[in-house]
Amino acid sequence: MKISVCIATYNGENFIKRQLDSIIKQLKQDDEIIMVDDGSKDQTVQVVKDTYGNRIQVYVNEKNLGAIKSFEKAISLARGDILFLCDQDDVWEDDKVETVLNAFEDQHADLVVHDAYVVDGDFNILNPSWNDYNHNNINQGIFGNILKNAYTGAFMAFKRDIVSDILPFPSTIEMHDQWIALVCMMKKRKIVFIEKPLMKYVRHGGNVTGIKKRPLSVQIKGRLRTISAVMGYKG
């Protein structure tokens, strides 16, 4: 079973090595890591090329496309049987890959989502559970997940055969991870949740995603656009 790790980067030179080191030691030689850099202004790309050479497949966007399009590109380039999504500034626990793969095999999952430790930039634990910290309800269904996304991309892995269901990402969606979860629900794919924290989810104030609280009007518009994407989904 070949693994593809899909990672989007942007100005991550201070974090990327510790993340990739935590991943590579869990992979087989024929597994792949696909990194799409969204036009970093720092040395992220050079650090990765100098440190890992051809072990990492590096693609650089000609212009800044944002996280959704960068992940779409990485997913479309992946050739593995199981695709893991990955952010640049977290750290995987040593048993993440093995535990997730076991869920696919033992529970016949299509999408696997796990919990994570919430830590600060010095790895001090802020909460032992992201789902508790973020008040997530993983079983809330389609409408509930439109109102409040409970699925975080960095904690996701899915079978290759759902790629054709989720891509291309609709232009109106707010988040790629929310869309992947919604499509799996609509297609009645088997979603397995692992309660064990399998990574350190770093909240240091400089994260590219998941920090800013948006105004209510922006939230409402975003949800309406997501509803539009769901209503127009033809699968």
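Observations on the model:
- Residues in segment 145-177 that are of a type in the set (Gly, Ala, Ser) and within 23 Å of Glu195 (Cα to Cα): 4 in all.
- Hits in segment 90-100 - residues which are under 16 Å from the mean Cα position of the chain (by Cα) and not charged (D, E, K, R): Val91, Trp92, Val97, Val100
- A search for C-beta distances below 8 Å between a residue of segment 171-182 that is closer than 13 Å to Ser70 by Cα and in contact (Cβ under 8 Å) with a residue 24 or more places away in the chain and any residue that is part of a helix (DSSP H, G or I) and of a type in the set (Phe, Trp, Tyr), counting only pairs 6+ apart in sequence or on different chains, returns His176/Phe71.
- Sole residue being more than 28 Å from Pro168 (Cα to Cα), part of a helix (DSSP H, G or I) and within 16 Å of the chain's Cα centre (by Cα), chosen from Ser22, Ser70: Ser22
- Options Ser4, Ser40; residue that is out of contact with any Leu (no Cβ under 8 Å at 6 or more places or on another chain) and hydroxyl-bearing (Ser, Thr, Tyr): Ser40
- For segment 70-90, a residue qualifies if it is surrounded by fewer than 20 Cβ atoms within 10 Å (Cβ to Cβ) and either over 19 Å from Ile162 (Cβ atoms) or among the hydrophobic types (A, V, I, L, M, F, W, C) (or both), and exactly one does: Leu77.
- Helices (runs of 4 or more DSSP H) within segment 116-235 that include 2 or more residues of a type in the set (Phe, Trp, Tyr): 130-133
- Residue that is surrounded by the fewest Cβ atoms within 10 Å (Cβ to Cβ), among those in segment 186-219 that are modelled with pLDDT under 95 and hydroxyl-bearing (Ser, Thr, Tyr): Ser217
- Breaking point among (1) part of a loop (DSSP other than H, G, I, E, B); (2) touching a Gly at 6+ places or on another chain (Cβ under 6 Å), for Leu85: (1)
- The number of residues in segment 83-131 that are among the hydroxyl-bearing types (Ser, Thr, Tyr) and under 28 Å from Glu13 (Cβ atoms) comes to 1.
- Residue pairs whose Cβ atoms lie under 6 Å apart, sitting 6 or more positions apart in sequence or on different chains, and linking a residue in segment 59-88 that is within 20 Å of Arg18 (Cα to Cα) to a partner that is assigned to a loop (DSSP other than H, G, I, E, B) and hydrophobic (A, V, I, L, M, F, W, C), are Gln88/Phe15.
The values are calculated or read from the model by the stated rules, or taken from the named source; none is laboratory data. Computed from a predicted structure; not experimentally measured. Quick reminder, even Gly has a Cβ in these numbers, built from the backbone with ideal geometry, and neighbours come from all protein chains shown.
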